[in-house]
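Asker: Following this message is one structure expressed as structure tokens.
The values are calculated or read from the model by the stated rules, or taken from the named source; none is laboratory data. Computed from a prediction, not measured in an experiment: that's the story for all the values here. A quick note on method: Cβ atoms are made from the backbone with ideal geometry, for glycine too, and the neighbour counts reach across all protein chains shown. Quick note on the areas: whole protein, heavy atoms, side chains included, nothing else; ligands and nucleic acids left out. Shrake-Rupley method; radii C 1.70, N 1.55, O 1.52, S 1.80 Å.
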Amino acid sequence: MVSAYENSKWEPVKWKSNMHCAVKIPDENQWQRGQIIRMVTDTLVEVLLYDVGVELVVNINCLRELQENLKTMGRLSLECSLVDIRPAGGSDKWTATACDCLSLYLTGAVATIVIQVENNTTWPLPVKIFCRDKEGGCVDVSKYLIKRGLALRETRTNKLYNSHSLSQKSLEIPLVQGESVVTKCIKINSDPDKKAADILSEHEVSEFKEKILEPRTTGCYKPPAIPNQKVFEAVVSCIGDDGTIFVVPKLSEFELIKMMNEIQSNLKCLGLLEPYFWRKGEACAVRGSDTLWYRGKVMEVIGGTIRVQYLDHGFTEKIPQCHLYPILLYPDTPQLCIPCQLYNTIPVGNVWQPDAVELLQELLSKREVEVHIMKPTDYNKKYEEERWEIRFEELLLPETETPVLPPYLSSPLPPPGELYGVQVKHVVSPSEVYICLDSVENCNLVKQHDDTVDSGVSWEPEPESLEEALGRFNVDVETFSPLTDFRTEMPCLAEYDDGVWYRAKIVAIKEFNPLAVLVQFVDYGSTEKLTINRLCQIPLHLMQYPARAIKVLLAGFKPPLRDTGKARIPYCPKWSMEALWAMIDCLQGKQLYASSMAQVPEQIVTLYEDERYPVHMSLVEMGLADQDE
């Protein structure tokens with residue numbers, strides 16, 4: 001590409017969508033094959049560099065016609081799509097936040113791609129992507145997006161979980177001719193000199209699957225079986241941080257060793273796990289830090305890691321989610337480790353201190369002991385209590401109901417041709433801002449109106465202003481009911497970064513774990529992503545005031561025709577970031593005036609600095625905008 005186009009000269013070409021072209025990458029002196037996606041302006045086009053999968057906006061001066069011999073080679077990149085997930089927030093389009101997160105996580109990473117279809121005719125290619133995190137664990141990218149609240153799980157009709165195909169597929173180890181044992185998950189090269197007794201037969205594998213596997217956990221492991229004797233011998237496996245002593249009866253040692261050997265010998269591979277939300281108390285299979293499989297239980301979910309308890313040994317450990325699998329191993333076998341507490345022994349301060357736990361560990365760990373049962377615990381009753389159910393009665397209580405309120409009233413602008421004072425509250429792009437009518441101007445208008453109606457003294461109290469009402473409500477905001485209805489445009493009170501509560505409305509739900517909502521402050525125009533503890537129901541009294549922030553488009557200027565080599569605004573690529581910052585400098589902290597040009601379908605105004613000089617002329621003089629007649 002470089003040799004073909006390095007010394008080429010630009011020639012005028014009427015570019016259209018889907019045309020193939022050669023693209024010079026600005027500032028990198030590289031040429032790539034591309035395809036035009038759309039014409040942004042007369043001089044800017046959005047192109048796809050299909051050999052690397054990058055989309056960018058370039059000037060037409062960077063384009064050349066693609067030579068015929070360069071069109072014969074196929075694309076050097078594959079277009080893939082993650083399966084089993086869909087965008088969060090109810091939309092069928094991915095948010096910019098999700099795309100940025102995916103780009104940050106995957107760009108430049110070495111990943112494993114698993115194609116999810118047998119034939120490659122589907123396009124984009126449905127795949128699952130796995131890559132390593134900082135701790136060296138294998139991370140499913142789809143599950144990572146779900147955990148961040150940027151995606152929702154999309155169920156497939158042929159889920160493995162809908163039948164026993166999970167155990168049948170992931171543990172299927174047929175014997176074949178030659179020196180290899182092959183499954184759909186792994187390939188094991190077996191030693192030709194290995195004894196026949198060491199090689200699993202199909203009958204053994206089938207028997208193993210029926211004995212130990214339940215696809216998808218639906219309950220708990222059985223509680224420990226307490227020996228019938230009042231006194232029994234045991235081995236102390238570990239000491240918990242709360243002073244609990246975990247022991248394995250001597251009578252159960254052989255059963256534990258046999259069960260562990262069977263699990264390690266037969267549990268070769270469990271396949272690739274679909275995105276899964278772990279719950280506290282859920283039973284599972286755990287691949288420990290020693291690479292062995294154990295029966296486990298989820299104790300706590302901590303971000304991307306999970307604290308689990310090894311039920312047959314007692315100790316707990318924090319491990320990555322990819323080392324857990326939601327199945328029951330030997331579901332009919334009770335837990336072989338019994339938790340015990342010292343009889344009539346209370347720690348100082350009612351809490352076991354670290355030095356006391358260390359002393360117990362030094363005295364008892366891995367020791368053979370004689371256990372005297374002084375007060376047996378009914379584990380069967382405790383086991384039944386863990387079979388809880390979800391109830392929804394509290395969601396139907398009156399205090400949890402959010403009344404459906406009408407939308408905020410909108411502030412009208414003066415008719416076209418009239419000049420009025422405004423303040424710019426928020427800048428979206430150089431040509432789109434949020435303004436509010438100047439408070440001094442409003443006060444003067446009210447005063448003039450009162451003078452024309454009655455020149456006498458009025459004894460009626462002045463109506464409470466919005467600032468006074470908000471100040472009064474901020475004092476008692478703790479007494480307001482939490483927001484429980486998160487539909488779009490729902491009015492509410494939201495806490496800003498300064499700790500003050502302002503009027504707002506719901507724009508969209510951005511994350512689900514934890515729940516985070518995108519709100520817009522209706523009196524300022526700015527948006528913020530907040531957790532639900534920073535939202536509450538708005539008092540009806542505050543709904544009488546119109547929303548002060550008014551979205552307007554600015555007239556008189558447009559993006560420049562020649563604006564190459566500048567960083568673009570991600571959500572508005574027709575404008576450069578330099579133009580955005582220049583416009584903010586022109587508007588910030590200034591007394592401005594506006595004149596309406598049109599009010600339907602959108603509010604279009606011209607902004608002035610001193611009633612005569614248009615604000616946008618500063619951008620035109622700097623070459624960051626062109627005049628639009």
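Asker: Name the residues in segment 290-332 that are surrounded by fewer than 18 Cβ atoms within 10 Å (Cβ to Cβ) and either of a type in the set (Phe, Trp, Tyr) or under 17 Å from residue 259 (Cβ atoms) (or both), would you?
Answerer: 290, 292, 315, 332
Asker: Taking residue 51, is it open to solvent by less than 30 Å² (accessible area, probe 1.4 Å), under 29 Å from residue 150 (Cα atoms) and free of Cβ contacts under 8 Å to residues at least 60 places away in the same chain?
Answerer: Yes: the conditions hold for residue 51.
Asker: Mind listing whichever residues of segment 566-597 are closer than 21 Å to residue 436 by Cα and aromatic (Phe, Trp, Tyr)?
Answerer: Of everything in segment 566-597, those that are closer than 21 Å to residue 436 by Cα and aromatic (Phe, Trp, Tyr) turn out to be 581, 593.
Asker: Here is a follow-up. Working only within segment 296-327, note down all residues that are in contact with a helix residue (DSSP H, G or I) (Cβ under 8 Å, 6 or more places away or on another chain) and part of a strand (DSSP E or B).
Answerer: The answer is 305, 306, 327.
Asker: Could you check residue 29 against (1) open to solvent by 50 Å² or more (accessible area, probe 1.4 Å); (2) more than 29 Å from residue 563 (Cα to Cα) and say which number it fails?
Answerer: Against the list (1) open to solvent by 50 Å² or more (accessible area, probe 1.4 Å); (2) more than 29 Å from residue 563 (Cα to Cα), residue 29 comes up short only on (2).
Asker: Go through segment 611-629 and give me each residue that's out of contact with any Lys or Arg (no Cβ under 9 Å at 6 or more places or on another chain) and more than 15 Å from residue 424 (Cα to Cα).
Answerer: Matches in segment 611-629: 611, 612, 613, 617, 618, 619, 620, 621, 622, 629.
Asker: Being free of Cβ contacts under 8 Å to residues at least 40 places away in the same chain and more than 27 Å from residue 279 (Cβ to Cβ) is the filter here; which residues of segment 311-353 pass it?
Answerer: Scanning segment 311-353 gives 343, 344, 345, 346, 348, 349, 350, 351, 353.
Asker: Here is a further query. Just checking, which of 519, 507 is surrounded by fewer than 20 Cβ atoms within 10 Å (Cβ to Cβ), modelled with pLDDT of 90 or more and within 30 Å of residue 304 (Cβ to Cβ)?
Answerer: Among 519, 507, only 507 is surrounded by fewer than 20 Cβ atoms within 10 Å (Cβ to Cβ), modelled with pLDDT of 90 or more and within 30 Å of residue 304 (Cβ to Cβ).
Asker: So, in segment 34-47, exactly how many residues are open to solvent by less than 40 Å² (accessible area, probe 1.4 Å) and touching an Asp or Glu at 6+ places or on another chain (Cβ under 6 Å)?
Answerer: Within segment 34-47, residues that are open to solvent by less than 40 Å² (accessible area, probe 1.4 Å) and touching an Asp or Glu at 6+ places or on another chain (Cβ under 6 Å) number 1.
Asker: Return yes when residue 73 is more than 17 Å from residue 8 (Cα to Cα), open to solvent by 70 Å² or more (accessible area, probe 1.4 Å) and in contact with a strand residue (DSSP E or B) (Cβ under 7 Å, 6 or more places away or on another chain) and no when it is not.
Answerer: no
Asker: Also: Working only within segment 467-496, note down all residues that are part of a loop (DSSP other than H, G, I, E, B), open to solvent by 40 Å² or more (accessible area, probe 1.4 Å), at pLDDT below 85 and of a type in the set (D, E, K, R).
Answerer: The answer is 476, and nothing else.
Asker: Let me ask something else about it. Filtering segment 522-546 down to residues that are within 31 Å of the chain's Cα centre (by Cα) and farther than 30 Å from residue 303 by Cβ, which residue is most open to solvent (accessible area, probe 1.4 Å)?
Answerer: Per the criteria, the residue is 524.
Residues checked against (1) charged (D, E, K, R); (2) at pLDDT 85 or above; (3) within 23 Å of residue 567 (Cβ to Cβ):
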residue	(1), (2), (3)
6	yes, no, no
56	no, yes, yes
72	no, no, no
89	no, no, no
113	no, yes, no
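Asker: I'm checking my understanding of the structure. Among residues of segment 1-24 that are buried (at least 16 other Cβ atoms within 10 Å of the Cβ) and among the hydrophobic types (A, V, I, L, M, F, W, C), which one is farthest from residue 575 (Cα to Cα)?
Answerer: Residue satisfying both the conditions and the ranking: 1.
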